[in-house]
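The values are calculated or read from the model by the stated rules, or taken from the named source; none is laboratory data. Note that this is a predicted model, so its numbers are computed, not measured. Note that we place each Cβ from the backbone using ideal geometry, even for glycine, and neighbour counts take in every protein chain shown. The accessibility values were calculated without ligands, DNA or RNA, using every heavy atom of the protein model including side chains. Shrake-Rupley method; radii C 1.70, N 1.55, O 1.52, S 1.80 Å.
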Amino acid sequence: MARVRTVLDGLSIGDAFGQQFFAVGNRETCLPKRHLPLPRWKYTDDTAMALGIAEVLDRDGEIHQ
């Protein structure tokens, strides 16, 4: 599970970072200047689903559809 947590860190940061460029103005102002968008970065449902899967795997050791 330690490796899963490491992966979730990267996933959630990448997800939140990418989501910033769908926000009005960030694509036009941040991308050309290679600046980071201002916080608060929110992750999407993709990360929420991965967190749920990790929680079930940690608790049960497997996933049942």
Per residue value of the accessible surface for the chain (all protein chains in place, 1.4 Å probe), Å²: 84
In order through region 4-16: 3J(HN,Hα) via Karplus (6.51 cos²θ - 1.76 cosθ + 1.60), integer Hz, x for Gly, Pro: 4, 5, 4, 5, 5, 4, x, 4, 5, 5, x, 5, 5
Length-normalised contact order of the chain in % [C-alpha pairs under 8 Å, at least 6 apart]: 38
Ratio of the Cα radius of gyration of the chain to 2.2 N^0.38 Å, where N counts its residues: 1.41
Zone of Ile63's modelled label, taken as backbone nitrogen in region 26-46 under 19 Å from a point 7 Å along Cα→Cβ: 44-46
Computed lengthening from Ile53 to Ala23, 0.36 nm per intervening residue step minus Cα-Cα distance: 8.1 nm
Phi-based couplings in Hz for region 54-65 (Karplus 6.51, -1.76, 1.60; Gly and Pro marked x): 4, 4, 5, 4, 5, 6, 10, x, 6, 10, 10, 5
Fraction of accessible area attributable to carbon and sulfur, region 17-60 (%, probe 1.4 Å): 59
Coil-residue trypsin sites (Lys or Arg not before Pro) of the chain, DSSP, other Cβ within 10 Å capped at 15: Arg34, Arg40, Lys42
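Where does the charge balance sit around Thr47 when Lys and Arg score +1, Asp and Glu -1, over other residues with C-beta under 11 Å from its C-beta?
With Lys, Arg at +1 and Asp, Glu at -1, the neighbours total -3.
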